[in-house]
Amino acid sequence: MDSNIKTGDFFSLQNSVESVNESDYEKTGLIIEAARAFERSTYQCVYIIDYFKKGFLYVSNNIARLCGGEAEKIKDFGYRFYIDYVPPEDLKMLVEINNMGFKLFNTLPVGERKDYTISYDFHIINDSVKFEVVQPRLSR
């Protein structure tokens, strides 16, 4: 895709993670297994972002099917996935959602942050065909 947006545009001081120890990363396995179980029971596209390593921890097969690729390959693309598979108008929206979402997140009391989710709709292009990835909204 031809876009002025770069992978670094998705990261800012608002969503930076300074340090994560190895025991924290060991716990991500449970979250990934929960995402896999969710994927098996729904058509939703799911991915888990690692803001410390600035990549993806998990990408569902549903996303891979829409892109005509493999989930592990898309996971390895990391944020490059957006630039390669999302139309420029949606890419701009994703950067704005990311910035506004973290701005809101940082206003929430720390104890309540786990009670919220953010999701959004955007298009994925596969061989010049545009698919809409539809997901629920900010919820508590």
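With the condition kept exactly as written, say whether any residue in the stretch 57-67 is under 17 Å from Val86 (Cα atoms) and in a loop (DSSP other than H, G, I, E, B).
Checking the stretch 57-67: at least one residue is under 17 Å from Val86 (Cα atoms) and in a loop (DSSP other than H, G, I, E, B).
Residues are listed down the side, and each one gets a yes or a no for (1) exposed (fewer than 15 other Cβ atoms within 10 Å of the Cβ); (2) part of a helix (DSSP H, G or I):
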position	(1), (2)
Glu33	yes, yes
Thr42	yes, no
Ile49	no, no
Asp76	yes, yes
Asp90	no, yes
Glu96	yes, yes
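Kindly establish whether Leu138 is over 21 Å from Asn4 (Cα atoms) and at pLDDT below 90.
Spelling it out, Leu138 is indeed over 21 Å from Asn4 (Cα atoms) and at pLDDT below 90.
Could you tell me how many of the residues in the stretch 100-121 are among the hydrophobic types (A, V, I, L, M, F, W, C), within 18 Å of the chain's Cα centre (by Cα) and at pLDDT 85 or above?
Here the count works out to 4.
Out of everything in the stretch 21-60 that is among the polar types (S, T, N, Q), at pLDDT below 90 and in contact with a helix residue (DSSP H, G or I) (Cβ under 9 Å, 6 or more places away or on another chain), what residue ends up being nearest to Phe122 (Cα to Cα)?
In this case the residue turns out to be Gln44.
When you look at Lys75, is it touching a Phe, Trp or Tyr at 6+ places or on another chain (Cβ under 7 Å), at negative phi and among the basic types (Lys, Arg), yes or no?
yes
From the list Asn15, Asn21, exactly one residue is out of contact with any strand residue (DSSP E or B) (no Cβ under 6 Å at 6 or more places or on another chain) and free of Cβ contacts under 8 Å to residues at least 24 places away in the same chain. Which is it?
Asn21
Being among the polar types (S, T, N, Q), in a helix (DSSP H, G or I) and over 19 Å from Thr117 (Cβ atoms) narrows it down to one residue among Ser19, Ser23; which is it?
Ser23
Any residue in the stretch 7-25 that is surrounded by 14 or more Cβ atoms within 10 Å (Cβ to Cβ), closer than 22 Å to Asp90 by Cα, hydroxyl-bearing (Ser, Thr, Tyr) and in contact with a Leu (Cβ under 8 Å, 6 or more places away or on another chain)?
Scanning the stretch 7-25, I find no residue that is surrounded by 14 or more Cβ atoms within 10 Å (Cβ to Cβ), closer than 22 Å to Asp90 by Cα, hydroxyl-bearing (Ser, Thr, Tyr) and in contact with a Leu (Cβ under 8 Å, 6 or more places away or on another chain), so the answer is no.
For the stretch 63-78, indicate whether the set of residues that are basic (Lys, Arg) and under 11 Å from the mean Cα position of the chain (by Cα) is non-empty.
For the stretch 63-78, residues basic (Lys, Arg) and under 11 Å from the mean Cα position of the chain (by Cα): present.
The values are calculated or read from the model by the stated rules, or taken from the named source; none is laboratory data. Here the structure is a predicted model, which is why all the values come from computation and not from measurement. Cβ coordinates were reconstructed from backbone atoms using ideal geometry, including for glycine residues, and neighbour counts include every protein chain displayed.
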